[in-house]
1. Tell me, what is the FRET efficiency for ASN777 and ARG809 to the nearest 0.05, using R0 = 22 angstrom and their Cβ-Cβ distance as r?
2. Using label points projected 7 Å from each Cα along Cα→Cβ, tell me how many nm separate SER758 and LEU52, to one decimal.
3. So, how do all the Cα-to-Cα distances of the range 53-111 break down into 10 Å bins, in percent, from 0 on up?
4. Please report, as a whole percent, how much of the solvent-accessible surface of the chain comes from carbon and sulfur atoms (probe radius 1.4 Å).
5. Leaving ligands, DNA and RNA out of it, rank HIS314, HIS189 by accessible area with a 1.4 Å probe, largest first.
6. In square angstrom, what is the accessible area per residue of the chain with a 1.4 angstrom probe?
7. According to a simple spin-label model (label point 7 Å from Cα along Cα-to-Cβ), what is the distance in nm between ARG93 and ARG283?
8. Quick one: of LYS285/LYS632; LYS412/LYS456; LYS474/LYS515; LYS339/LYS458; LYS99/LYS199; LYS556/LYS773, which pairs are farther than 20 Å apart, Cα to Cα?
Amino acid sequence: MREQYGWRRKFPFVLFVSRMILPTSVFCAAISFCGMVDVSAAASDGHEQQELKNPDGTWKWTNKLINETSPYLLLHAHNPVDWYPWGTEALERAKAEDKAIFLSVGYSTCYWCHVMERKVFADADIAAMMNEMYINIKVDREERPDIDEIYMTATQIMTGGGGWPNSVFLTPDLHPFYAGTYFPPVDSHGRPGFPRVLKALHDHWVNRRDEVIEHGMKITEVIRQATGGALGETDESRLEMELVTSAIEGLRSTYNPAYGGFGDAPLFPSPTNLELLLNEYDREKDDNLLEMVTHTLDMMAYGGIYDQIGGGFHRYSVDAKWLVPHFEKMLYDNAQLAKVYLLAYQRTQEPLYLRVAEETFDFVFREMTSPEGGFYSAIDAETDAEEGKYYVWTEKEIRDVLGRRKSKLLMKVYGVTKGPNFEGKNVLYLPTPIASVANEEGKSEGELLTRLEPLKEKLLHAREKRERPLLDTKVIVNWNGLMIDALALGYEVLEDARYQDAAEQAATFILEKMKNSKGQLMHTYRDGILKYDGFLDDYAFLVRGLLGLYQATGEKHWLSEARALTDTMVELFWDDADGAFYFTLEGANHLLVRTKKPYDSAIPSGNAVAANNLLSLADLTGTFRYFEFAEKTLQSFAGMMSKSSGGFMHMLLAANRYWDVLPFFTQQKIANFVPPLTTGTETDVVKVSASVLPAGKFRIDVEIHLEIAEGWHVNANPASQDMLIPTSVSLDPDAPAEFVSVDYPEGEIVHFDFSGESLSVYEGTITIPTTIKLKSNISEEKDLPLDLQLRYQACNDLICLEPKTIQIRVRK
């Protein structure tokens, strides 16, 4: 009833690249077994979990994971395996002892990760083999998506699919040479158990070292090309509207007209598919596209994938009917689906979609919100090693809670009278829409929902008395950005202040508590501890949430925060040579490759979200460089999109928006955009541009941007010495407007050889925000021109150029 290998993924482009580089004789064939293991008997075959505690209750074993904060890693802290977290200590030991590395990647709500922990890693005999032959490293993929991406790509290359737990064998130089997912503790159904895998690969490492290393290096080259866009053509001609047309046709061909969704079981919600279809419906007014979305949303809302009692969505459905779910609940799923239901409601006014979104938000508030305001990451699928135990019901359990008479109605509505559907128990679902049942009962839909509400509430209270599944209390920035965005839309649609408050509290918590000493985002927070430098997704997804807040509330500081984070994102992750954004910071330790993570997965690609954000900022502020970054990002992946559009749905959503705004930017007709002005000698030293944001009937906000060439600076305001010329903005006294405020940024204190004391200067890219109001004797005129003067003096370590005054014309 459940998916065998965790979440399996296949990306045609990865396989396309691998076929270009790898020989047809795959390395693992030489070991006589390869790929995924048949785990149909994994839960019952092999050694049961050995007792991990002494008679006095103390642990028999404790490994290096005991000092970690990840709930997933802590679950393995008392295995007999000598686990290490990913880091210098483990990797240096592998080189010092000349041992191969066994890397196990999973996450706290992964069912088969738990099975492998109980059946394999808790077995002292298997652990002894692992400790003798390998350096063993355990990674939480939610903490380290960079490592997860690299080695999941390796698994896909070597096996044609992937999933978690991801089990990868590496050389001490981190090149992957063999991979699989779940391995059982003993040989089963003609497939190898983990001990045989360990022995065979160790033998290869000892006796066929050169072959292993050569194979690992070839796999690494495929990873490098598949994750970095190296084969994607960047010429503008490849970024064509046919890319979206092709993707839509692909969705039509895999769409299930009976139950909605795309492809075969196991069935995932795929919110990026649905959002692209809605966007294309808005453009083309093709009712068939809207029908594909609404039918899918209807079927999910009726199915067991939706928690009919507590609200919120489970991870996926193991069947094609959305009936029996894999029961884990992820923050990112519920954020994206709540938003899609709201988007569908905006287009259809269907009350079901509004109710599902509201119940999903209620679930998140009740079970996944931290006291500090951030949102937790996930809820496990199992309790006491039994998947779904917390969520399923028997007829007797329902009657015991509601009584015989009241339970009869609820069991009819939620399919219990049709018989058990999950291991002798019932996953509650709607076999018939509520409106149809109401008609049978001689009531309106609203009246029936009102009758059901207290019954559902009683079941929820009874369920809460059960032992709960594990709650992973990590606060992850990028997933929080998705929920902030969804809640902001909820406030915009429903005008419910709870949604605004929750979104703003989460955003404020991250901006104030989840930055390092450099002011850069960190990736995770748990129990007061920040871990791991922020990734591209953290910046892009949080900006997406902040822009959602700005759109919903009109509060300017959310736009300012979004711009500041975007500027930092560009500085930290942009690839000047080939365009687009890297996923990790430059110089990140112990990474085989620096990827760009171009594909959508359960969440959109960070590059895709960044491109959408940049286009939004260009539209909102008239800043041309944001448009340029978005354009270069899309062009960088155009070739990959043409080969495998199914992995780029959110990128194609950005492409649609790009084509919408392209004519305005191409002709420089976008309102409030001031073309860059350049000054200097033989080379451009300072580039100046400005953007205008309406701030009221008689006020405007003007932001002046200076891009100062490397090696040059201008004096800050105030300047460090009276003799120095500060950078300043002014209006002519006879102008029809006057300044309300000019907010000069704080200068950077720098020591120069020509000066006896350090000076306060501006370097790199700076923004000077100003607010201007019309004078009292001036009536509002939409196109009233205003001329601002920017005065500065550019210097380097040897010379200062003549002071410059630049005139900047903007319009009200």
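1. Given R0 = 22 Å and the Cβ-Cβ separation, E is 0.55.
2. Between SER758 and LEU52, the label points sit 5.0 nm apart.
3. 20, 46, 27, 6
4. So the carbon and sulfur contribution to the accessible surface is 47 percent.
5. HIS189, HIS314
6. Roughly 39 Å² per residue, with all protein chains present.
7. 5.3 nm
8. LYS285/LYS632; LYS339/LYS458
The values are calculated or read from the model by the stated rules, or taken from the named source; none is laboratory data. Just so you know, these numbers come straight off a predicted model, no measurement behind them. Quick reminder, even Gly has a Cβ in these numbers, built from the backbone with ideal geometry, and neighbours come from all protein chains shown. The protein model used for the area step is the full one, side chains on, heavy atoms only, and it has no ligands, DNA or RNA in it. Shrake-Rupley method; radii C 1.70, N 1.55, O 1.52, S 1.80 Å.
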